[in-house]
Amino acid sequence: MIEANIGDIIKVETKKGVFKGILLPSTEEEIITIKMDNGYNVGILKENIKNIEIIAKGEKPKYELPPLNIKKNEKLKTISILSTGGTVASKVDYKTGAVHPSFTADDLIRAVPELLDIANIKGRAIMNILSENMKPEYWKKIAEEIKKEVEEGADGVVIAHGTDTMGYTASALSFMVKADVPIILVGAQRSSDRPSSDAALNLISAVLAAREPIIGVYVVMHGESGDTFCYLHKGVKVRKCHSSRRDAFKSINNIPVAKINPFTKEVIYLQEVEKSDNSRKVEINTNLEEKVALIKIYPGMDGEIIKYYVDNGYKGIVLEGTGLGHAPEYIFEDIKYAIDKGVIVVMTTQTINGRVNMNVYSNGRELQKIGVIGCEDMPPEVALVKLMYLLGNYDVEEVKKLINKDLVGEIEYRSRFDAY
C-alpha cells in the first residue's frame with residue numbers, strides 16, 4: 001500500500017467502491033479519513049482498502065498573513081469572544097481540509113468581516129475541547145475567564161461552544177455568573193468548510209446580542225433552517241432538539257427572548273428582559289457539588305442503579321420521570337434508600353415540554369410522601385446543574401427550599417405552556 005501524507009489528494013479503492021479526496025489526520029489507527037469534493041469527510045477501514053493512489057502531493061508553501069492593525073472604534077462597544085472549541089469560529093486548513101480554531105481577533109475578522117461594523121472585537125481561546133468532553137471544572141474556568149474579560153472592560157462576552165452540551169454550560173453559567181453585561185453562548189451545526197455552514201450568521205447574531213443593554217446568560221442559534229434570522233434564548237430555558245438541523249435549539253416552556261436579523265442588525269424583543277445599569281459589576285460563585293446524578297426512568301429499570309450512586313457518595317439525584325413526574329413502584333424502595341441516606345432526590349419530566357405535577361396521580365403522591373421533590377417546569381439538565389450549584393453552597397434543608405424557588409429564570413410557575 002502506498003504511504004500517503006496528510007494533505008495529499010488520493011484515490012482509495014475499496015471493496016465497496018472508489019473514493020477520492022484530501023487525506024486528513026485520523027485519531028484511529030485502523031481508519032483513514034478523507035475530505036471528498038462535496039465537502040463531507042469519510043472514514044474508511046484500512047482492512048477494506050485494496051489500493052491507494054496518490055493523485056497530487058498536498059505540500060504548499062507556508063505563509064503568514066500580516067496583522068490587520070485595526071484601530072479601536074470609540075463609537076462601538078467592545079465584545080470579547082472566548083472559544084471553548086467547536087466549529088462556530090474556525091477556519092479551514094486548505095492544505096489538509098481540516099478545520100482548526102480561529103481565535104485571534106484578526107482571524108475572526110478575516111473570517112467574518114461584518115463584525116467590524118458591529119463592535120470592537122477581542123478574541124482568544126480559553127480551551128479547545130469537543131463539547132461532549134465538557135466537565136464542571138471547565139464551567140468554572142469559563143466563569144473565571146468571563147469575570148476577567150468584564151473587569152478588563154468588555155461590554156459583552158460571547159462564548160463559542162460545541163452544540164452538544166451547550167445547554168448544560170448555559171445553565172451552569174446562569175447560576176455561577178452575575179454580571180452587568182450580556183453573556184452569549186453560540187455554536188454551529190455545520191462547520192465552516194461546508195456551503196451550508198451556519199457559523200458566520202450565528203456569530204454575527206451573537207455579537208449583535210452581546211452589545212445589547214441587557215444582562216443574563218443566553219444562547220444564540222439559527223431560528224429556522226434557512227439563513228434569515230436567529231433566536232436569542234434564555235440560558236436556562238433552551239435545549240438542542242435535533243441532532244443536525246441548523247435550527248436545532250428551541251426554547252423550552254417559553255418563547256425565545258428575541259429575534260435577531262444578522263443582515264439588518266435588528267433585534268426584536270419577544271418578551272421583557274432585565275436591563276443593564278452600566279455598572280459593569282461582575283461576581284462569580286463556582287462552588288459546585290459534582291456528585292449529582294441524572295437518571296432516566298424507563299420500563300424494567302433496576303433500582304440498583306440508584307443504590308450505586310448513593311453507596312458511592314453522591315449527594316443528589318435528578319430523576320427524569322415519565323409524564324407528570326412518575327417512576328415505577330418497584331424502585332420506590334431504592335428511592336427511599338437514597339433519601340434515608342440523606343441524598344436529595346428531585347423529579348423532572350422526560351417529555352421536555354410541560355411541568356411536573358406530582359399531585360395528580362397516586363404514583364406522584366406516593367413519591368412525594370417518600371421525599372421526592374418535584375422540579376416544576378425545569379428541563380432535566382437545568383435541574384441537574386441547579387442541584388450541583390445548591391449543594392455546593394447550602395445545607396440540605398436549605399437546598400430543599402431553594403430547588404423550587406426561581407433564582408435565574410429557570411422556573412415559570414405558571415405559563416401559557418401549561419395545559420391545565
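The values are calculated or read from the model by the stated rules, or taken from the named source; none is laboratory data. Since the structure is predicted, the reported quantities are computational estimates derived from the model, not experimental observations. Cβ placement follows ideal geometry from the backbone for every residue including glycine, while neighbour counts extend to all protein chains displayed. With ligands, DNA and RNA removed, areas are computed over all heavy atoms of the protein, side chains included. Shrake-Rupley method; radii C 1.70, N 1.55, O 1.52, S 1.80 Å.
Observations
- Modelled FRET efficiency - R0 56 Å, Glu398 with Asn5, Cβ distances, 0.05 increments: 0.40
- Across the range 127-279, the relative contact order, built from alpha-carbon pairs under 8 Å that are at least six residues apart, equals 19 percent.
- Pairs from Lys11/Lys135; Lys35/Lys265; Lys281/Lys315; Lys72/Lys147; Lys141/Lys281; Lys141/Lys405 whose Cα-Cα separation, in the structure shown, is over 29 Å: Lys11/Lys135; Lys35/Lys265; Lys281/Lys315
- Carbon and sulfur %, accessible surface of the range 292-403 computed with the full protein complex present, 1.4 Å: 48 percent
- Whole-Å distance, taken between Cα centres, linking the range 234-256 and the range 392-409: 25 Å
- DSSP beta bridge pairing in the range 78-284, given as percent antiparallel to the nearest 5: 50 percent
- Rel. contact order, % - alpha carbon contacts under 8 angstrom, at least six apart, the range 292-403: 27 percent
- Within the assembled protein chains, the solvent-accessible surface assigned to Asp117 is about 110 Å², based on a 1.4 Å probe.
- Rounded to the nearest 500, the helix-only mean residue ellipticity at 222 nm of the chain stands at -6500 deg cm²/dmol, with each DSSP H run of n ≥ 4 adding -39,500 (n - 2.57).
- Shown for the range 185-237: the carbon plus sulfur share of the solvent-accessible area, taken with all protein chains present and a 1.4 angstrom probe, equals 50%.
- Solvent exposure of the chain as accessible area per residue, Å², 1.4 Å probe: 48 Å²
- Correct option for mean projected area of the Cα convex hull in nm² [calculated from the coordinates] among [x] 21.6; [y] 20.0; [z] 23.8: [z]
- Dividing the mean sequence gap of close Cα pairs (under 8 Å, 6+ apart) by how many residues the chain holds gives a relative contact order of 11 percent.
- With a cut-off of 20 Å on the backbone N, the residues of the range 377-391 near the modelled label site 7 Å out from Glu274 along Cα-Cβ are 377-379, 382-391.
- Antiparallel DSSP beta bridges within the chain, percent to nearest 5: 55 percent
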